[in-house]
Ligand code: VAH
């Protein structure tokens, strides 16, 4: 059995769907602090209400299902955590400790925990950011992800827990909505374009950020989890990249299909967060250790996103 904590989030919803397709729906338990919005998650397989800060409830769920693998995705993302710093730290850190301790106690074979390019800060080299480099994150989310990486490595060294992690760039998909991130503009913009509306972007037009299409993020996650343990040389978290683009470039990519689509720019507080992050990532260690290779670039992602979002609109009328 596999347990997915935070199964209702942007990544959790897609990962649960992918894992259920691969391992059978009844073998993948979806858990989240709130009941699933989409009927599919609820109907397709087992669902448990779980607040990961409630350690007793977490242990109860884990004793009931005895998962061999746990994917712990529940967290506050960058913009939300910056507005709720104490809760952001508590959820991101105590939630992780509860999962790591319960996994050691109950003999879980593998744990997955997502990190982020948010672990890098304003004095990190911005272009082709290396795996090992200066890391002074200046957001609550980034501080919690950097601390979490170090704790994952500690649990691997001290308890032999096989915990694995990826520093995701901004993730973009059509099956789920983002929740409180700084890169969310890159999802919102496609929805507006397909709805025939203009989009007001909360980042400036030349804000370059590392990004990845959801199918690539799912492939990387499962490739990492399937790799033999002896191939995993990095137990903090692997740099992971696919592409980088700016709001201006994703707009041009969309206008290849929807030439009348218009975007205006109104940077808000998320601009400072974006400015503290790298422009591009060196993920050569992931490519060396477990053969990472992305499939989607910006135009290929745009073509796929627009086709699927148009289908969703057609089905919803
Ligand atoms: C965020 N989407 O914006 C997340 C991610 C790299 C960005 O961590 O907070």
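Every number here is computed from the coordinates shown, using simple stated rules; none is lab data. Computed from a prediction, not measured in an experiment: that's the story for all the values here. Cβ placement follows ideal geometry from the backbone for every residue including glycine, while neighbour counts extend to all protein chains displayed.
Quote the FRET efficiency, to the nearest 0.05, computed for residue 206 versus residue 268 with a Förster distance R0 of 22 Å and r equal to the Cβ-Cβ distance.
Values: r = 16 Å, r/R0 = 0.73.
Calculated transfer efficiency: 0.85.
What distance in nm lies between label points placed 7 Å from Cα along the C-beta direction at residue 123 and residue 94?
3.2
Run lengths n ≥ 4 of DSSP H only: what is the helix-derived mean residue ellipticity at 222 nm for the chain, with -39500 (n - 2.57) per run over all residues, to the nearest 500? Can you show the working numbers first?
Numbers: 13 runs with 137 residues, N = 317.
Computed mean residue ellipticity for the chain: -13000 deg cm²/dmol.
Pop the C-beta distance of residue 158 and residue 300 into the FRET formula with R0 = 41 Å and round what comes out to the nearest 0.05. Before the final figure, lay out the partial values.
Values: r = 43 Å, r/R0 = 1.04.
Rounded to the nearest 0.05, the efficiency is 0.45.
What angle, in degrees between 0 and 90 and rounded to the nearest 10, separates the Cα long axis of helix 95-105 from the longest principal axis of the Cα atoms of the chain?
30
Roughly speaking, what is the stretch gain from residue 316 to residue 175, that is 0.36 nm per residue apart minus the C-alpha to C-alpha distance, in nm to one decimal?
49.4 nm
Under a crude label model (7 Å from the Cα following the beta-carbon direction), how far is residue 105 from residue 191 in nanometres?
Taking the two extended label points, one gets 3.8 nm.
Be a star and scan segment 185-221 for residues whose amide nitrogen sits under 18 Å from the point 7 Å along the Cα-to-Cβ vector of residue 308.
The answer is 185-195, 211-221.
Could you give the angle, 0 to 90 degrees to the nearest 10, between helix 10-23's Cα long axis and the longest principal axis of the Cα atoms of the chain?
60
Given a Förster distance of 45 Å, report the FRET efficiency between residue 147 and residue 257 from their Cβ-Cβ distance, rounded to the nearest 0.05. Kindly include the intermediate steps, with their values, before the conclusion.
Working: r = 42 Å, r/R0 = 0.94.
Efficiency at R0 = 45 Å is approximately 0.60.
Only bridges whose two residues both fall in the chain count here: according to DSSP, what percent of them are antiparallel, nearest 5?
Details: 3 of 30 bridges.
So the antiparallel bridges amount to about 10 percent of the total.
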